[in-house]
Amino acid sequence: MSEQTAPNPAPNPLLTRSQPNPLRFAQSDFEGATVQYQNLLVTNPNNYVAMEKVVSLLRRAGKLSDVEEIFQNAEKKDPRASSHAGLYYSKGCYFRYTNNITDAVKNFNLARRDGEWGGRALESMVSEQASEASVPFRRRGTTIFN
């Protein structure tokens, strides 16, 4: 009796491309990791986990000007993207990194009720408010808090 073995299924290209190599982070290869995540966003612009990582990586590289194009691509690809908490969270991170605290808190606030992104959004809002509160208030050239 001959045994039949099931043929190995072909790897799913979406699954293999959607898993960038985490070793690039461990090896501090931020440029390589950025390229991997950007390639993933080309095929799936509404992958908000990858979007968040790209925003963080581009901040480290000093290329935050490239982030706005990523947001535009996501909004073009899916007309409902403007209601996705992941997009708001990523935008909140971008605004925090560009020191636009008002817009950062607004975007984190829009993401805070989501099950996946809400916890991180609330944590980011609290940290922004705490860091803003730690800046001394200035009145007529003097500080009120010492």
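Values in this text are rule-based calculations from the coordinates and carry no lab data. These figures come from a predicted structure and were not determined experimentally. So basically every Cβ, Gly included, is an ideal-geometry build from the backbone, and we count neighbours across all protein chains shown.
Only Cα pairs under 8 Å and 6+ residues apart enter the sum, and on that basis the relative contact order of region 21-134 stands at 17 percent. Fewest neighbouring Cβ atoms within 10 Å first, the residues SER56, SER65 line up as SER65, SER56.
What the Cα atoms of region 21-134 give is an Rg and a Dmax of 13.9, 42 Å. For region 44-52, 3J(HN,Hα) computed residue by residue from phi via the Karplus equation (6.51, -1.76, 1.60; θ = phi - 60°) reads 9, x, 9, 8, 6, 5, 5, 4, 4 Hz, glycine and proline entered as x. 3J(HN,Hα) couplings calculated from phi for region 53-68 with the Karplus curve 6.51 cos²θ - 1.76 cosθ + 1.60 (θ = phi - 60°) are, in sequence order, 5, 5, 4, 5, 5, 5, 5, 4, 7, x, 10, 5, 5, 6, 6, 4 Hz; Gly and Pro show x.
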